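Please treat every number below as a calculation from the coordinates, not as lab data. Keep in mind that what you see is a predicted model, and the values were worked out from it rather than measured. All Cβ positions, even for glycine, are placed from backbone atoms using ideal geometry, and neighbour counts span all protein chains on display.
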Amino acid sequence: MEKIYSNLNKTVSILMPAFNEGQNIEKVIRSCIDMLDNLKINGEVVVTNDGSLDNTRAILNTLKEKISNLVIINHEKNMGYGASLYDAIFASKGDIVVTIDSDGQFDIKELPLFLDLYVSGRKIITGYRKEKKDSFMRILANKFQNFLVNLIFGLKLKDANCAFKLYESDFIKSLKIESKGFQTPTEIMIKAKVLGYDIAEVGITHAFRERGRSALGLIKTTIDMLTFIIYLRLKIFRYRRDTLNNI
């Protein structure tokens, strides 16, 4: 039996970018809507269709006719994960923002794990995949990237780039998100740490993708992540130097 959060007195927005997820998107959206209903939470699901070339847009339009609390943003061309998430964030109206992927590899039924931490006073909560279900090379690349992020920025996270996260709306909307690609979850964690926010972690399950193929190329995404890490490190160095000079 699901927990009930009718006394939460907060609205929840569940956000997800989608690119060519026609085989998965309906199941994921319906699971999110059902979860909000089961938990007795007022909320919405916000989907950014990032220039999909398959039938994702048509499926979303059909679902919109049936689901009143589904919000759809359409990009006419592919703009990237970060840009899609950014647009969903600023279209959302919830007091609490939950981000999740649209490919079905995360289970929205684990949302209570995040809400319990939120109720206890934690305002930024990131999931970590207890066992990442992916190819060996992708798992290895993710571990290496996470090691670098922790080493360079002083984080102590198990899985900084995990997409399943919860934020207070005021925080996430106040943050300047620069990444246009899949590095966005890591960028948010780094900037939260630099700004002095406390970050809570919770272990979650991760499933193999049942349908469709990931749009992320391993080599390109690794290079993009490393390039962005270097950029952020230089930017934070300058930010701290300028702050020190103003004392």
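Just to confirm the filter: which GluC sites (Glu not before Pro) across segment 49-126 are DSSP coil and have at most 13 other Cβ within 10 angstrom of their Cβ? Walk me through the numbers before you get to the answer.
On the way: sites: GLU65, GLU76, GLU110; in loops: GLU76.
For GluC sites (Glu not before Pro) across segment 49-126 that sit outside H, G, I, E and B with at most 13 neighbouring Cβ atoms in 10 Å, the list reads GLU76.
Just subtract the alpha-carbon distance of TYR197 and PHE90 from 0.36 nm times their residue separation and send over the number in nm, one decimal. Show your work: numbers first, answer last.
Working: separation 107, 0.36 × 107 = 38.52 nm, distance 2.08 nm.
My answer for the length gained is 36.4 nm.
Quote the charge dipole size of the chain about the Cα centre in Debye, to the nearest 20; the model charges only the Cβ of Lys and Arg (+1) and of Asp and Glu (-1).
Values: 36 positive and 29 negative charges, 157 e Å.
Roughly 760 debye, rounded to the nearest 20.
When only Cα pairs under 8 Å and 6 or more residues apart are kept, what is the percent relative contact order across segment 12-245?
Numbers: 381 pairs, mean separation 54.7, N = 234.
Worked out over segment 12-245, it gives 23 percent.
Using Cβ contacts closer than 10 Å as the measure, can you line up LEU85, LEU8 from fewest to most?
On the way: LEU85 27, LEU8 17.
Sorted ascending by nearby Cβ count, the order is LEU8, LEU85.
Binned at 5 Å from 0, what are the whole-percent values of the Cα-Cα distance distribution for the chain, short to long?
1, 6, 14, 18, 20, 18, 12, 7, 3, 1, 0, 0
Quick one: which residues, 5+ away or cross-chain, put their amide H under 5 Å from the amide H of GLU201? H built at 1.01 Å from N.
Result for GLU201 returns THR126.
Straight-line reach from LYS180: which lysines fall under 16 Å, measuring Cα to Cα and dropping same-chain residues less than 8 apart?
Straight-distance partners of LYS180: LYS77, LYS191, LYS220.
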